[in-house]
Amino acid sequence: MERPAVSVLINNYNYARFIGRAIDSVLSQDAGNVEIIVVDDGSTDQSRSVLEAYGSRVKGIFQENGGQAAAINTAVASSMGEILCFLDADDWWAPGKLSATVAAFRANPQASLVYHRLQPTLVDGTPTSKPIPRTLCSGALSPLLTRSAGWWPFPMTSAVAVRRSAWNAAGNIPEQFRISADAWLVGIYPFLGDVIAMPDPLGFYRIHNNNWYRSAEDATTLRRRMTHWQRTVEATNLFLSAHELPARLHLTDHYPYHIASAKLQGADARTRCKLAVEGLFFAGEPNLLRRMRDSLRSALGLSRLGLDIGLSEAAK
């Protein structure tokens, strides 16, 4: 058999109601020589019957629940393509996504990662808000990540594709990334080669309460994000050290972490001013106008009464 040029790797957990659209969006692509691998991570819904209905067009792998990183690692280990394209089961792609991705890798032999924007949608697939990320970053991004504790206007999993050679150099995604495994992909691969951004929204990102990002923030969500960011910085530094790369990340450079902390603890006028100024110099948002807007909006929108304090008062 001819070795596939592209491996499409779909991770699924209890998304029987969505995964058909994800698979169909891959089958309708105009690129040839593509394999589709779906790893079902211990679903308890009707996912198996949905996958089995596709027959030989899709390679389905069923494993006990281990989290997103474990599912992606299994998919890659079972794949053969030189280009690895990731797709969450609740998202889907626009026509032409795969051919555009292949062309971008061919035109940029030093690229380790290629990505595009995603169009956010409601649960029913209705588009909402502007495509993300708003700011696009291409080229050698490792200096930027070093100054921002690894933060940049990163793409979501369903927008990311990497070279197999880069995957082999990076190794498997650490299984601590049970969710948001894309944090490893977008945090590590810029240290292994160039990043290429395609401006078109070539996929659709479904927003619902099972996602990492939710419509309303609460204390629990913020604490979970802060822990995730801290562990991501630690994991990245371990990787950099193990590969004898000189860069190191410092959580003190992570502006979103500081904002989340202030949301939990509360911020007086002096703290809000300090964070507004800090945000103006944050390397993680390269677009100056967007950086100014976001820093002022984030800092000046902070409340004196933090979410943690508010919870304590409500308990009384």
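Before moving on, here are some points about what is shown:
- Gain on full extension, evaluated as 0.36 nm per residue between Leu289 and Ala140 minus their Cα-Cα distance, stands at 51.4 nm.
- Note on the chain: the alpha carbon radius of gyration divided by the globular reference 2.2 N^0.38 Å gives 1.02.
- Helix axis angle, 97-107 relative to the chain longest principal axis, alpha carbon, degrees: 80 degrees
- Shape of the stretch 219-301, Cα gyration tensor, a/c cut at 1.5: oblate
- Annotation: extensible slack from Glu278 through Asn108 equals 57.7 nm (criterion: 0.36 nm per residue apart, minus Cα-Cα distance).
- Carbon + sulfur, % of accessible area of the chain - ligands and nucleic acids excluded, 1.4 Å: 54 percent
- Potential lengthening of the chain between Arg178 and Thr220 amounts to 13.4 nm, from the contour at 0.36 nm per residue minus the alpha-carbon distance.
- Pairs of lysines in the chain (C-alpha under 29 Å apart; 8 or more residues apart or interchain): 5
- Solvent-accessible area per residue for the stretch 41-138 (1.4 angstrom probe, square angstrom): 42 Å²
- Amide H to amide H distances under 5 Å link Ala111 with Asp194, where only residues 5 or more positions off or on other chains count and H is placed in the peptide plane.
The values are calculated or read from the model by the stated rules, or taken from the named source; none is laboratory data. This structure is a prediction, so every number in the text was calculated from the model and none was measured. For accessibility, only protein heavy atoms count, side chains too; no ligands or nucleic acids. Shrake-Rupley method; radii C 1.70, N 1.55, O 1.52, S 1.80 Å.
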